[in-house]
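Read the structure below first, then the notes.
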Amino acid sequence: MPGPLFAATIEKAAKRKNAGLLISIGHGIVEIPLMFLLYFAMTQFVIPDAVKITVMFVGGLLMIYMGAQAFRNRNKTDEKHESSKQDSLIAGIWTTAVNPSFIIWWLTIGITLVINAKFFGLLGFSVFAVIHWLCDFLWYTVAAVVIFKSRRFWTERVHQAIFIFCFAVFVGLGVQFISSSLWLAINTLL
């Protein structure tokens, strides 16, 4: 699903060929433990609306902040702002951990996948978890390599458009998360 993790991949891949690999590892650092936590514990609990509202609201604010940071850094060249390997790894961890749609997805749709995989025991669930993460790994790695290899065709205008796109994705998702949290809060109170 296009979202903050993909926007971060686009941004980082412009500077590093292996950005997608590192972003997907960072994503896995958050996702795999969450999957196993759900497998062992969360299938027995209902997530309170207050938790969903808080996660969506705070995540929305963080997404807007990340968009503002991407926008602020849009004119920095590789010489002024050299991206380190750790930047991509941290981007994978950060954009996964603060993305409320990721968390809500795993606590709703994802929990269904966990319950279905649970029928096959811990080994079956482990195979599901690894295959699920490998799909993310391949997608973000290939996408980053393609972006990195095509960057020589990027004019300054294309470069600016990509950063504006990343900014719009982050801010748009942030606004959507905040408005969803407010809508859920209003509906909960009624």
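The values are calculated or read from the model by the stated rules, or taken from the named source; none is laboratory data. Just so you know, these numbers come straight off a predicted model, no measurement behind them. As a convention, Cβ positions derive from the backbone with ideal geometry for all residues, glycine included, and neighbour counts pool all protein chains shown.
Restricting the stretch 145-190 to residues that are under 30 Å from residue 48 (Cα atoms), among the polar types (S, T, N, Q) and modelled with pLDDT under 90 leaves a set whose member that is surrounded by the fewest Cβ atoms within 10 Å (Cβ to Cβ) is 188. Look at (1) buried (at least 16 other Cβ atoms within 10 Å of the Cβ); (2) modelled with pLDDT under 90; (3) polar (S, T, N, Q) and you find that residue 69 fails only one, number (1).
Listed by first and then second residue, the pairs with beta-carbon distance under 6 Å, at least 6 apart or on different chains, first residue in the stretch 57-72 and of a type outside the set (A, V, I, L, M, F, W, C), second in a helix (DSSP H, G or I), are 59/100; 59/177; 60/174; 60/177; 60/178; 67/167; 67/170; 67/171.
Residues in the stretch 94-144 that are within 30 Å of residue 69 (Cβ to Cβ) and surrounded by 17 or more Cβ atoms within 10 Å (Cβ to Cβ): 22 in all.
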